[in-house]
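Written below as structure tokens is the structure these notes are about.
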């Protein structure tokens, strides 16, 4: 038996709308609400219908790339243009520079370079001795 609610979202336009919501950073729960379904229904659809799962994955990949690029730019510094109003009322365009952000640098390095990670991995070998019979020799 066909699911009429699902049928309306499996169209090219429906899948594109889902992808756009994911690209804008909406969570799966927010996407489900926009679709008019429960989040639990969306999770079932994600398992059962590859086209919906792929639409969300594509959208989230774009959003993740945008944020990753912004984090990188924040870490290394970047030039940008800004409009400003002069005392005589003219609007002028200023070229500005955002200095590198130390917090963004640390975050980037801790997540990308193993030697910067605070997590210490330890190899612990424990030897266990099991004694079957304990007798008291008093």
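The values are calculated or read from the model by the stated rules, or taken from the named source; none is laboratory data. All of these numbers come straight from a predicted model, not from anything done at the bench. Using ideal geometry, Cβ is built from the backbone for each residue, glycine included, and neighbour counts are taken over all protein chains shown.
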Looking at residue 82 and the list (1) modelled with pLDDT of 95 or more; (2) closer than 30 Å to residue 34 by Cα, which single condition is not satisfied? (2)
Does the range 115-130 include one or more residues that are at negative phi and not in a loop (DSSP other than H, G, I, E, B)? yes
Residues that are within 17 Å of the chain's Cα centre (by Cα) and surrounded by fewer than 11 Cβ atoms within 10 Å (Cβ to Cβ): does the range 69-92 have at least one? yes
Has the range 120-129 got at least one residue that is surrounded by 11 or more Cβ atoms within 10 Å (Cβ to Cβ) and either farther than 30 Å from residue 18 by Cβ or under 24 Å from the mean Cα position of the chain (by Cα) (or both)? no
Kindly indicate whether residue 25 is farther than 20 Å from residue 11 by Cβ, more than 15 Å from the chain's Cα centre (by Cα) and at pLDDT 95 or above. no
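Whether any residue in the range 97-114 is part of a loop (DSSP other than H, G, I, E, B), touching a helix residue (DSSP H, G or I) at 6+ places or on another chain (Cβ under 6 Å) and at pLDDT 90 or above is what I want to check. Lay out the reasoning, then the answer.
Looking only at the range 97-114, we keep the residues that are part of a loop (DSSP other than H, G, I, E, B), and these are 99-101, 113.
Adding the requirement that they be touching a helix residue (DSSP H, G or I) at 6+ places or on another chain (Cβ under 6 Å) leaves 100-101.
Within this subset, residues satisfying the condition of being at pLDDT 90 or above are 100-101.
Among the residues of the range 97-114, at least one is part of a loop (DSSP other than H, G, I, E, B), touching a helix residue (DSSP H, G or I) at 6+ places or on another chain (Cβ under 6 Å) and at pLDDT 90 or above, which makes the answer yes.
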Tell me, please, whether a residue that is more than 21 Å from the chain's Cα centre (by Cα), more than 30 Å from residue 7 (Cα to Cα) and surrounded by 12 or more Cβ atoms within 10 Å (Cβ to Cβ) can be found in the range 46-66. no
